[in-house]
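Since every read-out is calculated from the coordinates, none of them should be taken as a lab result. Remember, it's a predicted structure, so these values are computed and weren't measured experimentally. We place every Cβ from the backbone using ideal geometry, glycine too, and count neighbours over all the protein chains shown.
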Amino acid sequence: MKQTLLDKVCIFLLRKGFTLKNLTRACFDALARRNEQILLIKVLEDANSITRQYAEEMIAVASYINASPLIVAEKAGNSLDENIVYSRFGIYTLNYSTFASCIHNKFPFVKRGKAGLTASLIGKKLREKREELGFSLNALSKKVGVTSRMMVKYENENSEITINKAMKLYDLFGHDVFNEVNIFAQRALPKSSFETEVSRKYVELGFDATETKKTPFDIIAKKGDELILTEVSDKVNPQMQSLSKLLEADNLVIFRQKKPKDIPSMTKEEFMDFDKANELVRFLKEF
């Protein structure tokens, strides 16, 4: 079931002009890029099966590569409804149909959260539409089932409202009074998280760096526009070169005993000897 859905997502993205990289045994199943837009996608039959560790690592990696982390699933216990955005551990979660609509820039207005189904009102638009159609505050309040005071609050700020109230406003004013849920706008700033000497050295050199356990690389580091994917291993992951190329990143192997061939590599001791970030970057660029 999952593989069928993953194939469907990948074929759709390829047809829409994305370049795609599938991964195995990683916290995400596919990395897709179209120009500057990068998507980090986890495909699941049931979104409830994702662990917090996988989700947090997805978010961390996405923050370094300026990507939008997404979960595409059939259900989360129950089937995921069309045109509704869900969330799992802070990652937007949606079914295939809603995902496809978003790729076509047709974003949903409804989210499911702890308060149930909600929509986000654009206060200024609500006031403009009310005045344009000649509704008084009192009259509109009665139609929606809230107090006039609450309606004033709706108009003065962007508010989250329940789906029942949202549908009443939608019937009167259409979708213009609601904020779209742009699933691609979700961004987090890179944060350093390190335990090993190598990742700590990256931070000392002025990089943001974090260690990963469920990706083809062991460390991802960023300083300005420079992105480095680092493996600490004698065996090179075959997915690394194509992944680095897609992300326009440099990759480095820090080997323990046997030096890998035809790729930038060095011993841990050599890496620890670097005093400046530009010296490391120069080594990678000149390889």
For the Cα atoms of the chain, what angle does the longest principal axis make with the long axis of helix 52-65, in degrees from 0 to 90, nearest 10? 80 degrees
For the range 1-67, state which chymotrypsin sites (Phe, Trp or Tyr not before Pro) are in a DSSP loop and have at most 11 other beta carbons lying within 10 Å of their beta carbon. none
If one compares the long axis through the Cα atoms of helix 163-173 with the longest principal axis of the Cα atoms of the chain, the angle in degrees, nearest 10, works out at 70 degrees
Any chance you could list P(r) for the range 136-287, counting all Cα-Cα pairs in 10 angstrom bins from zero, rounded to whole %? 9, 31, 17, 7, 12, 15, 8, 1
Students often check this: by mean Cβ neighbours within 10 Å, which of 123-131, 76-84 ranks highest, and how do the rest follow? 123-131, 76-84
Choice from 274, 109, 89 showing the highest fluctuation, given a GNM over the chain with Cα pairs closer than 10 Å: 274
Could you give the angle, 0 to 90 degrees to the nearest 10, between helix 123-132's Cα long axis and the longest principal axis of the Cα atoms of the chain? 30 degrees
If you take the Cα Rg of the chain and divide it by 2.2 N^0.38 Å, with N the number of residues, what do you get? 1.24
Percent relative contact order for the range 197-286, counting Cα pairs under 8 Å at least six residues apart, stands at 22 percent
Past 31 Å, Cα to Cα, is the threshold; run 165/214; 42/125; 2/114; 21/124 against it and keep the listed order. 165/214; 42/125; 21/124
Along the Cα-to-Cβ line of residue 7, 7 Å from the Cα, sits a label point; which residues in the range 96-110 have backbone N less than 12 Å from it? none
Point-charge dipole on Cβ atoms (K/R +1, D/E -1) for the range 136-237, about Cα centre, debye to 20: 640 debye
Mean separation of Cα contacts under 8 Å, 6 or more apart, over the residue count of the range 117-177: relative contact order %: 54 percent
Inter-site label distance for residue 162 and residue 15 at 7 Å from Cα along Cβ, in nm: 4.0 nm
State, as an integer percentage, the relative contact order of the chain based on alpha-carbon contacts under 8 Å between residues 6 or more apart. 13 percent
Let me make sure I get this right: for the range 117-177, a, b and c are the square roots of the gyration tensor eigenvalues over alpha carbons, sorted descending. Under 1.5 in a/c it's rounded, otherwise prolate if a/b > b/c, else oblate. Which is it? rounded
Measuring from label point to label point, each 7 Å out along Cα→Cβ, what is the residue 117 to residue 78 span in nm? 1.0 nm
If you place +1 on the Cβ of every Lys and Arg and -1 on the Cβ of every Asp and Glu, how big does the dipole about the Cα centre of the range 1-86 come out, in debye to the nearest 20? 340 debye
Distance between modelled label sites at residue 128 and residue 225, nm, 7 Å Cα→Cβ extension: 3.7 nm
Exposure proxy ranking, count of Cβ atoms within 10 Å, fewest first, for 212, 230: 212, 230
